[in-house]
Ligand SMILES: Cc1cc2nc3c(=O)[nH]c(=O)nc-3n(C[C@H](O)[C@H](O)[C@H](O)COP(=O)(O)O)c2cc1C
């Protein structure tokens, strides 16, 4: 072996060893948390926000659907919602998927009479949420958060990891950036 070849071989061998050592020391990438975005939406605003969040996080989407839908007419829906909230009603939901694989569940609700919509309350009491990270996102018609965040913390079986994302219903469709920013800051 010429001196030049020897030096080249030595350099290659050292390089390979260093590369191997660097590889051995690099910690394995952490598994991405599996996240579900679950929401109830009567007129589409909370659904739009939920889609932005699911896109930002690469999360699955679940629309919460009461077995008996709320009336399609606004005035009738207002009355039914008011009566249900006063009675602490928990409407039956259409079957939920298996939640066991999810590490985190983000939950979306419209503000109804200052609080969460009853289908969302029913979902929050699902025992399968226990031990999961949760956070609320909500839309509203001008009232803002009102009692939504407080009632969310009271009802959820999960661990609340963030302040809520609160978006005016009229802005939900165009809130992709705000949704992505909130999602990126979640300690998931
Ligand atoms: C039954 C009912 C009650 C509502 N109560 C309130 C309220 O107390 N405060 C508020 O800011 N908006 C209220 N709104 C407006 C909704 O929160 C708002 O339009 C929301 O974005 C609707 O979300 P959705 O399209 O996902 O159903 C109410 C709407 C309905 C249908």
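Laboratory data are not the source of any read-out in this text; all were calculated from the coordinates shown. As the structure is a computational prediction, the values presented were derived from the model and not from experiment. Cβ placement follows ideal geometry from the backbone for every residue including glycine, while neighbour counts extend to all protein chains displayed.
Miscellaneous remarks
- Residues of the range 99-114 that are farther than 12 Å from residue 136 by Cα, more than 8 Å from the ligand (Cβ to nearest atom) and in contact with a helix residue (DSSP H, G or I) (Cβ under 8 Å, 6 or more places away or on another chain): 99, 100.
- Count of the range 96-133 residues which are touching a residue at least 40 places away in the same chain (Cβ under 8 Å) and over 27 Å from residue 146 (Cβ atoms): 4
- Evaluation of residue 142 against (1) in contact with a strand residue (DSSP E or B) (Cβ under 9 Å, 6 or more places away or on another chain); (2) within 11 Å of the ligand (Cβ to nearest atom); (3) on the phi < 0 side of the Ramachandran plot (one fails), failing number: (3)
- Exactly one residue out of 163, 180, 172 is away from the ligand (no atom under 11 Å from the Cβ) and not in a loop (DSSP other than H, G, I, E, B): that is 180.
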